[in-house]
Amino acid sequence: MTDATTTEPTGGHSRDLSGARDMIVCENVSKWYGDFQALDEVSATIKEQEVVVVLGPSGSGKSTWIRCINRLEIHQEGRIVVDDVELTNDLRNIEQVRSEVGMVFQQFNLFPHLKVIDNVSLAPIWVRKKPRSEAEEQAMALLERVGIPEQAQKYPGQLSGGQQQRVAIARALAMEPKIMLFDEVTSALDPEMVKEVLDIMKALALSGMTMMVVTHEMGFAKEVADRIMFMEEGQIVEEGTPTHFFENPTEDRTKLFLSQIL
Amino acid sequence: MAGFGSGSEIASVAATATVPITAPPETPKLPPGEWVKANLFSSPFNSVLTVISTASLGFIAWFFLSFIFHPIRQWNAPATNLRLMMTRAYPEEQYLRVWACVAIILVLTGMSMAVWRAGSTMPVAGLGRKLLTTGALLVLLTLLAPFSTGATVQWLAAALVVVAIGESLRRIADRGEAERTVSTLTLQVVALAGVVTSLWVIPFGHHSYIPTRIPQVMEEPGTVALSTKLPWTIMLAIVVAAYFGGALLRDRLAKNTLRVTLVLLWLLAPPVLVYLILRDPDFDMGHVIGTDIPIFLAYAVLGSALLLWLTRPSTGEIGRIVAAMVLVAGFATFLSPMRMVLRLDMLLLAAFALAAPTFAGGSRSRNRYTGAWLLALGVMSWLITSVNTASTVKVPGGFFIGGIAITFMVAIFTIVLSVPLGIALALARTSTMPIFRLLATWFIEFVRGIPLITILIFFSIMVPLFLPRGMHLSEVAAVVIGYTLFSAAYMAENIRGGLQSVTRGQHEAAEAVGMTTAQKTVFIVLPQALRVAIPPLVGHCIGVFKETSLLAIIGVFDLLYIARIVIPGQTEFMGSARESILFIVPIYWIFCYTISKASQRIEQRTGLGER
């Protein structure tokens, strides 16, 4: 996160990440809800500092997939390895992965009974065992980074949607994660608040964070993504750089999807 | 790290929020005559309803008043037996202890009110209107009551004073430009001061038994006895002083330290008051120094060492195994004969050991956790010692105290003990572990299927028979245990409702930042669940308070039993049950209403975050 100077400022997809190490490895991951197969042998490798945007129609399994990566959903077949730790039923592995993977949700899910500053500093204090003063200092720095230090003493219910989502990002960053997962983070926002959240995500991508982003924001995908994956019925139908994906899609399904949204 | 996010956008949002909003048009105020016409006599049907309901209300009031003020009513029965109703046969020469307890509770109350900023303000004009209404009502009731001419004149004069004060307050309020307000706390203190002053001024009469060989009732003219009015005056002074003391501390000390200290003092107060002050244990110092203190020291030293090691972050998995072994050792102590205190201390240590990994961290948090262990161990050791020591307060018939004191004691112990048990049951019932879920569900459904009286009778009669040799449990303690189990089952269901109201998103958010299940439950789920559960929980607490009157059935001398059986059984007051019962109705009502009001305040306070 701190090596912002080493990354190129021109946007994600011009970077060469071939030498970077693997952060997330998924091998033939499958998941069923009852008889419905949500994920069908999904395999992918995500490199350090890479920004991957997952697109697809609703119900295609993209949210399920990224929720599997920090074990909010349990995959039934295949392997998921996050930063060399395999996700199994072993609680210690799950806790280790979760403390290294930050997640931001569509519905913000801030803790309504805690002030903004406590929302951000709670996990560092109790999970990372930081002294309270240090955790609060760090929380203030993060709130400054997402542009709302003046809201620190308020409760989430007193904030606008965009502000709440920025607090949620700060809360995830407070754990100093190596990977950030974004699950349709702008879908529940009013249009005028989408930009303020996307700007923060762009800056985060530029700072070298490994990111997986499920979104419907095509502009964001074009501008920031190193790689775009298109999902349909639990499978990755097509993947490639934004240029390839938006200009020369090979699959018919991708073309249909693009023609409907663009 | 590239700067991102733009502060200016947010500032503009904040600025638009503070633009003054034009006030909505005021609803026109109707003059009284038109208001009555518009609201009470708007249609023939409405008029008939108004007339009929006014007539029935008047009839009910007249009926009650003529009952209360009928010359044959023996109101001197409750008046003479006030002490009996408060504490039953608690020795009069030791009454200073009772007043000390009241004083301690009042000091805590006053300080808590200051620290939590209790009370609110109300406009003076509103207060004036309220007094006017009260005065009018008083006039109405005086005319309905069967008073003698002299009494009627006195009551009417009192009503007129109230009306005059109300009217002048209204005038004062109307004169100023800005709205004048008055603190409700000031009003309460003024009202209490009025009541206390009335003890010194109004000739209620000095009611007492003359302690000769044949007890005789004496009623002297004049004000109440000095032994009543002097302590109450001091109590009022104490609560006011405690409030200002609390306000001073509030401005000097850190908020959280003060609050945590007060909550701890409140939790410590019931056992201290009952087992140390009121019961006056007859400590056998030889036994205390020879046995109790060494046991405490051994557990204190060894337990602290163990916990300091368990809370080291580097201890890891082996710590959990050791903690589980302590628990097994705790259960194993029941297999061989030994002192009960050894077993209970072991179980307490096991609980602390199991929770230790959650509190692992730097040296400060480790020391704090060990301090909590020492505090809990100290309180438990002292409590076990004093419960096992005979009381110096010797009264006829079992327990050393009765009346409203035992009503309070049973209610408070039951509520304080059943809250954590209820939370544990609710968590167990919603847990993912089938064995916990099954046990909790069975327990709750079983207990809820049994009438409370059955449980009370079972615990008062049967449980003492099952106890191991040499272990003694007083009937009241057995009953409190039974009542706690009963109450916890109901609380668990209320809390479970709260737990279900916490959304899945909250669980996921807590998990996503890497919290363990324990941390998620303590910091995220329970605070939200308990707030939702406040209204049903308070309803349940009021129920617990009132249903302590069922204790009468198993022979505990609670307030209702004394009013219903004991006082009417005195030769001087044969057949005065109705008076005594009517007398205790407002006592129960005042406390229940206070609890209810306090819970409304808590709801408002905790609702702050979800505007």
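The values are calculated or read from the model by the stated rules, or taken from the named source; none is laboratory data. In this text the structure is predicted, and so the values were computed from the model without any measurement. Note that we place each Cβ from the backbone using ideal geometry, even for glycine, and neighbour counts take in every protein chain shown.
Observations
- Meets criteria (among the small types (G, A, S), assigned to a loop (DSSP other than H, G, I, E, B), facing chain B (nearest Cβ under 9 Å) and over 16 Å from the mean Cα position of the chain (by Cα)) for A:G147: yes
- For A:N93, the conditions (1) facing chain B (nearest Cβ under 9 Å); (2) assigned to a helix (DSSP H, G or I); (3) modelled with pLDDT under 90 are fulfilled apart from (1).
- Taking the numbered list (1) away from every other protein chain (no Cβ under 14 Å); (2) surrounded by fewer than 15 Cβ atoms within 10 Å (Cβ to Cβ); (3) not β-branched (V, I, T) in turn, B:L550 passes all entries but (2).
- Contact map, the stretch B:164-180: residues that are under 26 Å from B:L137 (Cα atoms) paired with residues that are acidic (D, E), Cβ distance under 9 Å, separation 6+ or inter-chain. Pairs shown: B:A173/B:E179.
- Complete set of residues in the stretch A:127-138 that are surrounded by fewer than 16 Cβ atoms within 10 Å (Cβ to Cβ) and either part of a loop (DSSP other than H, G, I, E, B) or at the interface with another protein chain (Cβ under 10 Å from one of its Cβ atoms) (or both): A:K129, A:P131, A:R132
- Scanning the stretch B:129-164 for residues that are more than 18 Å from B:G194 (Cβ to Cβ), surrounded by 14 or more Cβ atoms within 10 Å (Cβ to Cβ) and of a type in the set (S, T, Y) yields a total of 2.
- Of everything in the stretch B:503-525 that is within 27 Å of the chain's Cα centre (by Cα) and either within 19 Å of A:A168 (Cα to Cα) or more than 10 Å from chain A (Cβ to nearest Cβ) (or both), the residue that is surrounded by the most Cβ atoms within 10 Å (Cβ to Cβ) is B:I524.
- Checking each residue in the stretch B:145-182 for being assigned to a helix (DSSP H, G or I) and over 23 Å from B:I202 (Cα atoms) picks out B:E167, B:S168, B:L169, B:R170, B:R171, B:I172, B:A173, B:D174, B:R175.
- Every listed requirement among (1) at the interface with another protein chain (Cβ under 9 Å from one of its Cβ atoms); (2) part of a helix (DSSP H, G or I) is met by A:A141 save one, (1).
- Qualifying residue in the stretch B:332-346 (condition: under 30 Å from A:R128 (Cα atoms), modelled with pLDDT of 90 or more and crowded, with 17+ Cβ neighbours inside 10 Å): no
- Count - residues of the stretch B:472-496 that are modelled with pLDDT under 90 and surrounded by fewer than 20 Cβ atoms within 10 Å (Cβ to Cβ): 5
- For the stretch A:150-161, a tally of residues being part of a helix (DSSP H, G or I) and within 9 Å of another protein chain (Cβ to nearest Cβ) returns 5.
- Residue check, B:S386 of a type in the set (S, T, Y), touching a strand residue (DSSP E or B) at 6+ places or on another chain (Cβ under 7 Å) and either under 28 Å from B:G290 (Cβ atoms) or crowded, with 21+ Cβ neighbours inside 10 Å (or both): yes
- The number of residues in the stretch B:183-210 that are touching a strand residue (DSSP E or B) at 6+ places or on another chain (Cβ under 7 Å) and in a helix (DSSP H, G or I) comes to 1.
- Residue-level analysis places B:S386 among those that are part of a helix (DSSP H, G or I), modelled with pLDDT under 90 and not basic (K, R).
- Among (1) within 16 Å of B:P270 (Cα to Cα); (2) among the aliphatic types (A, V, I, L, M); (3) within 18 Å of the chain's Cα centre (by Cα) - the single one B:A118 does not satisfy: (1)
- Members of the stretch A:169-193 that are crowded, with 20+ Cβ neighbours inside 10 Å, more than 9 Å from chain B (Cβ to nearest Cβ) and part of a helix (DSSP H, G or I): A:I169, A:A170, A:L173, A:M193
- Residue match in the stretch B:297-308 (condition: more than 19 Å from the chain's Cα centre (by Cα) and either under 30 Å from B:I404 (Cα atoms) or modelled with pLDDT under 90 (or both)): no
- Some residue of the stretch B:37-58 being modelled with pLDDT under 85, within 14 Å of chain A (Cβ to nearest Cβ) and not in a loop (DSSP other than H, G, I, E, B): no
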